[in-house]
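Below is one structure, written out as structure tokens; the observations come after it.
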Amino acid sequence: MRKAKSPAAADNGIDEALVTSAAEERVSVATQWQLMWWRFRKHRLAMISGVVILAFYLVAIFADFLAYADPQSTEAFRSLIAPQPIHFFDEGRFSPHVFALIGKRDPRTFKRVYEPDPEQKVPLRFFAEGYEYKFLGIFRTNRHLIGVDGGNAEELIFLLGTDQLGRDLWSRLMIACRLSLTIGLAGVTLSLVLGVLLGGISGLYGGAIDTLIQRVIEILRSIPTIPLWMGLAAAMPRDWGVVQVYFAITVILSLIGWTDLARVVRGRFLALREEDFVLAAELAGVSQMRIILRHMAPSFLSHIIAATTLALPNMIISETALSFLGLGLRPPAVSWGVLLQDAQNIQTVALSPWLLSAALPVVVVILAFNFLGDGLRDAADPYG
Amino acid sequence: MADQIARANGQPPMLTVEGLKTYFFTDEGTVRAVDGASFEVQAGKTVGIVGESGCGKSVTALSILRIVERPGRIVAGQILLRRPNAKAPVDLALLEAEGAEIRAIRGGEIALVFQEPMTSFSPHYTIGNQIVETIQLHQDVGKEEARNRTIELLRMVGIPNPERRIDEYPFELSGGLRQRMMIAMALSCNPKILIADEPTTALDVTTQAQILDLLRDIQQRTQMSVIIITHDMGVIAEMTDDVIVMYLGRVVESGPVDEIFHQPKHPYTQALLRSIPSIFAEPRTKLPTIAGSIPHPHNRPTGCPFHPRCAEAMPGICDRHEPRLRPISEAHFASCFLYHEPEAAPPS
Amino acid sequence: MRMVVPLLEVRNLQRFFPIRKGLLRRIVGQVRAVDDISFHINKGETLSLVGESGCGKTTTARCILRALKPTSGEVLFQTAEGEVVDTAELPKAALKPFRHQMQMIFQDPFSSLNPRMTVFDIVAEPLLASGVKSREQRRRRVEELLELVRLRPEFMQRFPHAFSGGQRQRIGIARALALNPSLIVADEPVSALDVSVQAQILNLMLDLQDELGLTYLFVAHDLSVVKHISDRVAVMYVGKIVEIAETKTLFKAPKHPYTEALLSAVPKPDPRRRSERIVLQGEVADPAHPPSGCYFHPRCAHAIDRCKTETPSLEEIQPGQFVSCHRAREISLNGVEAQGNGMTIG
Ligand SMILES: Nc1ncnc2c1ncn2[C@@H]1O[C@H](COP(=O)(O)OP(=O)(O)OP(=O)(O)O)[C@@H](O)[C@H]1O
Ligand SMILES: Nc1ncnc2c1ncn2[C@@H]1O[C@H](COP(=O)(O)OP(=O)(O)O)[C@@H](O)[C@H]1O
Ligand code: SF4
Ligand code: SF4
Ligand SMILES: [Mg+2]
Ligand SMILES: [Mg+2]
């Protein structure tokens, strides 16, 4: 049979079977998102980073639950206590506990020092009662992940030590996580919307409106951010709280922060407008709206997701840096930047290095966001 | 095979490629880009390598120069370069890819002209600078001397006003001029072998004719060996002495150009020649075609790589055994079971 | 026997692109991409447009389809209803009722199919746009179309990346045929394909023309391909048509020196025919600054003083052969003889 089939004859019949394996068949009918997911999965670091970021946002949601001490309660008595290790086993049985601390005065320096007393074990309880808070701002509860039975957790547990004013660092870190990870989100979202919208209009219509938007972008990009920030901070109503002021500023700044994304979107539109498949759709009489939504948008949606992922760490770094410099959030707000501001004094840091612990989540979350963004960007164009 | 030809001509070939295998180890699987290619290049002759896209022509060239990029690697075979006054040939496949020896050969004894002239020049330096640098890299001459030699070269490849053009940037030149510059750069160190990978594919017919003329002219003047890589049978017929036909990483047929065009032996060569549109054809005539399309590189057929598309395929033989490149006549080789018996055991 | 009714007539078509410079994007000059060309295509025939890159073939094709608005000139198209409309003049909205009667096949089999849509969605999109609401109806039509281009309908749910260049080109053809067009503008449809696949697509196009009575405007730079597919050929040089004739006449007895040079430059696939070629000196003129008189004169071996000052016009030298050269009647030029495939095999 095969011998009889001349090569010329095959051309007149149906095209030859594509000899495909099951695996190839799977790839052949895979959608853009499936292909992206397969490609993303290969990026180990990005996968891990994704999980890390998810964990961080879970912490942000359950911050009060994970804290055990009221982050604002000060007590000069408990100033600068060193981190306290947890002991998980007691005489071979699982029974997590910490040693109680005995405060003494150093006979030579007259400084207060705390020493663990192995005889006095403070057993830890899970889902214990503690200070009262509103979970997600909705319902009141006083349950916390850990606590002590009967006693006051604030006086007995110091997982990461305390600061100069005697506030528990672990609890403050949990609460800071919430503010630092979320305060910029509104700004980023607004930038995103503006960027896509204005970039889209610019790329799609071209001509005078494009020139106008491009000039606006150039002007906005030449504005120095920090002086503007300071000016805005001074101009905010006096009776606003620090968090409100900060939030307002991020939103205002997002009004100039959309330019990068707008350029990307405009570029994609310009490139896509030249694609043959767009011309083909036009010739077939497909409406302008459908061409944009069905034919053009899907091919840069993924890029926008990646761009956003790379914008989020910027927002976190800005908060940390500005607050550290005293320009952003200030106490009584609790953010990573504020916590690090406490660690500004070299002497304190030398004696109480645990005050620097807020730096670790900043580094981890920024790296994770960047790895995730890279992974998404690589996966974003499965046809590239 | 190499020895047979050598004896026939009484003179050993300049370059012998024997059983070359270059694979790419990608995430999706191993791409056997070149899978046992054997051929040779005689001194002062033009050899054409022809085949459809993806058959391994460029990778063969890159392998000879040892510039195959990761994840690609030469996994087997010899690339023997014979120098006039050396006793034993050097095996380029064994040299260290970044070593001094291969770097001296690359651009010195063997030069390469790429398909896309724009990407072969750095956009940030003038063409003159880049050629001067190449000359100084391989030869011990001063800057002034190198510059004069560059102007001479540009004149030789037919660039008008070389004194002015030498200081232009690549983007200021048309495709044809850029390709001439590329050739000038390749010639700057008097290579013994010039490899031209699709030197005219990006060019228009009239410019193509100019560049082909130039190559032929230079070949006759310098008596170097030229390897022309192309998918265009017309270029092969116009330019070459010997032809190597490749399919899926293998040499399926090789021989003198006249025999390849007038007595092709391998079914693929025959079908390819029949299927090319010819300027001599009657208008509005259908062309005989080759069924199907080139298999995906991960999905290489067993046995003879051409068997799913071959009109003469013999079931039970061609799909089980791998044919070997065997002599048909003195200098004409084909890899097909129509011309030799399969070996007893199917090769693993 | 084909009917001789022009389906498309192009008259004095011009398309210029402004050259802008400086901050204010002021217009400092013009690229005369298509500069006053006229031709017609009869129903059911194939006219090829050949020339070197940048000579204005794509621009002409896009002006005809109104993907570009012509600077001036007429594009007269006979609609299926028998009316003759000037698509160059009409506003875009007025084009809608018959625009689907002209469709395009693209050069690049990769960028012409949206990688994010399945074959079904790609081929059914024109149907949807023309108001075929029922999915079942669309599916049946897509099946029919895929079979027409010799593809298996089972592959409908696949994405373009699963297909080879030749198969993608077939999908593009199926999409172009979806709305039963009468004119197909094919812009270099086989240039990006492998040699063995080129022949398959050319044959398919010839078959479809016979089956469906299609009319082709076939844009190409490869004269061998052109010879196989076309009834008539128009040769372009720097935005102008320099010669139009029946394929056989043009290849055998070209009357314009540029046509002769093009024919002679094609590498002939036969080592026994290595001939002395006419190698044109210099480069194609820049359409932003074309030479005076005949645009070809700086490269023409037959140029006389008159060629430098006076622009020749397209004249009918003999029935059906139009040439734009002052000396078309006096010089004798060489073509290529048709001789089967030009090869003896086996
Ligand atoms: N960097 C790479 N990574 C993976 N595979 C590669 C790489 N370079 C080449 N290949 C594969 O090697 C095979 C041969 O490629 P090569 O470029 O030599 O083909 P070619 O004959 O020159 O084709 P063309 O005419 O398209 O240039 C192809 O299957 C190609 O996909
Ligand atoms: N959008 C454009 N803007 C400016 N010049 C253009 C544009 N499109 C085409 N051209 C110019 O018009 C001429 C003809 O182009 P084109 O029709 O694309 O050539 P071809 O299809 O024959 O390769 C070229 O010089 C090209 O640079
Ligand atoms: S070995 Fe068999 S399949 Fe391969 S080319 Fe020869 S006849 Fe065809
Ligand atoms: S008009 Fe003159 S220059 Fe132009 S093609 Fe004819 S002979 Fe040559
Ligand atoms: Mg190549
Ligand atoms: Mg074009």
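Can you work out the FRET efficiency for the pair A:Ala271 and B:Arg70, with r the C-beta to C-beta distance and R0 = 35 Å, to the nearest 0.05?
Between A:Ala271 and B:Arg70 the formula returns 0.75.
Quick one: net charge around A:Leu165, please, counting Lys, Arg +1 and Asp, Glu -1 for every other residue with C-beta under 12 Å from its C-beta.
Result for the local shell: -1.
Given contacts defined as C-alpha pairs under 8 Å and at least six residues apart, what's the relative contact order of chain B, whole-number percent?
Dividing the mean separation by the residue count of chain B yields 19 percent.
Once fully extended, how much extra length lies between A:Trp38 and A:His87, figured as 0.36 nm per residue of separation less the alpha-carbon to alpha-carbon distance?
13.4 nm
Please average, across the residues of A:268-281, the number of beta carbons from any other chain that are within 10 Å of each residue's own beta carbon, and give a whole number.
If you average over the peptide's residues, the count of other-chain Cβ atoms is 5.
Once both labels are modelled 7 Å past Cα along the beta-carbon direction, what's the B:Glu343-C:Ser53 spacing in nm?
4.6 nm
For segment B:85-147, what class follows from the C-alpha gyration tensor (a ≥ b ≥ c being the square roots of its eigenvalues): rounded when a/c is under 1.5, otherwise prolate if a/b is larger than b/c, else oblate?
Verdict is oblate for segment B:85-147.
At a probe radius of 1.4 Å, figure out the B/C buried accessible area, summed over both chains, and give it in Å² to the nearest 100.
Summing both sides, the interface buries roughly 5000 Å².
Give me the lysines in straight-line cross-link reach of A:Lys121: C-alpha distance below 29 Å, same-chain residues under 8 apart excluded.
Hits, sequence-local ones excluded: A:Lys104, A:Lys111.
Given a Förster distance of 60 angstrom, what is the FRET efficiency for C:Lys252 paired with A:Phe135, based on the Cβ-Cβ distance and rounded to 0.05?
That gives a FRET efficiency of 0.10.
Just how large is the dipole of chain B about the Cα centre, in debye to the nearest 20, putting +1 at every Lys and Arg Cβ and -1 at every Asp and Glu Cβ?
160 debye
Tell me, what HN-Hα J-couplings in whole Hz come from the Karplus equation 6.51 cos²θ - 1.76 cosθ + 1.60 at θ = phi - 60° for each residue of segment B:142-149, using x for Gly and Pro?
Residue by residue, segment B:142-149 yields x, 5, 4, 4, 5, 5, 4, 5 Hz.
Starting from the Cα of B:Thr201, step 7 Å along the direction of its Cβ; do the same at A:Val251; then give the gap between the two resulting points in nm.
Taking the two extended label points, one gets 5.8 nm.
Taking 0.36 nm per residue of sequence separation and subtracting the Cα-Cα distance, how much length would be gained by fully extending the chain between B:Glu96 and B:Arg326, in nm to one decimal?
79.6 nm
Computed on protein heavy atoms with a 1.4 Å probe, what is the summed buried accessible area for the chain pair A and C, in Å² to the nearest 100?
3300 Å²
Dipole size in debye (nearest 20) for chain A around its Cα centre, Lys and Arg Cβ +1, Asp and Glu Cβ -1?
That gives chain A a dipole magnitude of about 260 debye.
What does the highest-first list of A:52-65, A:212-225, C:237-250 look like by mean Cβ count within 10 Å?
C:237-250, A:52-65, A:212-225
How large a share of the accessible area of segment A:317-384, in percent, is made up of carbon and sulfur atoms when the probe is 1.4 Å and the other protein chains stay in place?
Roughly 67 percent of what the probe reaches on segment A:317-384 is carbon or sulfur.
With labels modelled as points extended 7 Å from the Cα through the Cβ direction, what inter-label distance (nm, one decimal) is found for A:Arg108 paired with B:Gln139?
8.0 nm
Determine the share of chain C's accessible area contributed by carbon and sulfur atoms, expressed in whole percent, with a 1.4 angstrom probe.
Carbon plus sulfur share of accessible area: 50 percent.
Once phi is turned into θ = phi - 60°, what whole-Hz ³J(HN,Hα) does the Karplus curve with 6.51, -1.76 and 1.60 give for every residue of segment B:276-286, x standing for Gly and Pro?
7, x, 10, 6, 8, 6, 6, x, 6, 10, 7
Using Cα positions and a limit of under 23 Å, work out the lysines in reach of C:Lys227, with same-chain residues fewer than 8 apart set aside.
B:Lys286, C:Lys43, C:Lys57, C:Lys240, C:Lys248, C:Lys252, C:Lys255, C:Lys268
For Cα pairs less than 8 Å apart in space and 6+ apart in sequence, what is the mean separation divided by the residue count of chain A, i.e. the relative contact order in percent?
RCO, chain A: 20 percent.
To the nearest 0.05, what FRET efficiency results for C:Lys308 and B:Ser174 with a Förster distance of 22 Å applied to their C-beta separation?
Efficiency, from the Cβ-Cβ distance: 0.45.
Skipping prolines and chain starts, which residues have an amide H placed within reach, meaning under 5 Å, of the one on B:Val252, given they are 5 or more residues away or on another chain?
B:Val245, B:Met246, B:Tyr247
If you place +1 on the Cβ of every Lys and Arg, -1 on the Cβ of every Asp and Glu, and leave all else neutral, what size is the dipole of chain C about its Cα centre, to the nearest 20 Debye?
Charge dipole, chain C, about its Cα centre: 940 debye, nearest 20.
If you count, for each residue, the other Cβ atoms within 10 Å and average over each peptide, how do A:92-101, B:317-326 line up from highest to lowest?
Ranking, from highest mean packing down: B:317-326, A:92-101.
Quick check on segment A:73-171: take the gyration tensor over C-alpha atoms, sort the square-rooted eigenvalues as a ≥ b ≥ c, and tell me if it's rounded (a/c under 1.5), prolate or oblate.
Cα axes put segment A:73-171 in the oblate bin.
In straight Cα distance, which lysines are under 23 Å from C:Lys21, not counting same-chain residues fewer than 8 positions off?
Once the sequence-local lysines are set aside, what remains near C:Lys21 is C:Lys69.
Hey, what's the protein assembly as shown come to in accessible area per residue, 1.4 Å probe, Å²?
Value returned for the protein assembly as shown: 44 Å² of accessible area per residue.
What is the list of residues in segment C:177-193 whose amide nitrogen lies under 12 Å from a point 7 angstrom out from the Cα of C:Ala67, following Cα to Cβ?
Zone members listed by number: C:185-189.
Give, as a single signed number, the net charge of other residues whose beta carbon lies under 12 Å from the beta carbon of A:Ala262, with Lys and Arg counted +1 and Asp and Glu -1.
Charge balance near A:Ala262 sits at +1.
Counting only other chains, and only Cβ atoms inside 10 Å, what mean value do you get across the residues of A:171-181?
Rounded to a whole number, the mean comes out at 0.
The values are calculated or read from the model by the stated rules, or taken from the named source; none is laboratory data. Keep in mind the model is a prediction, meaning the values are calculated, not measured. Using ideal geometry, Cβ is built from the backbone for each residue, glycine included, and neighbour counts are taken over all protein chains shown. Surface areas here come from the heavy atoms of the whole protein model, side chains and all, with no ligands, DNA or RNA. Shrake-Rupley method; radii C 1.70, N 1.55, O 1.52, S 1.80 Å.
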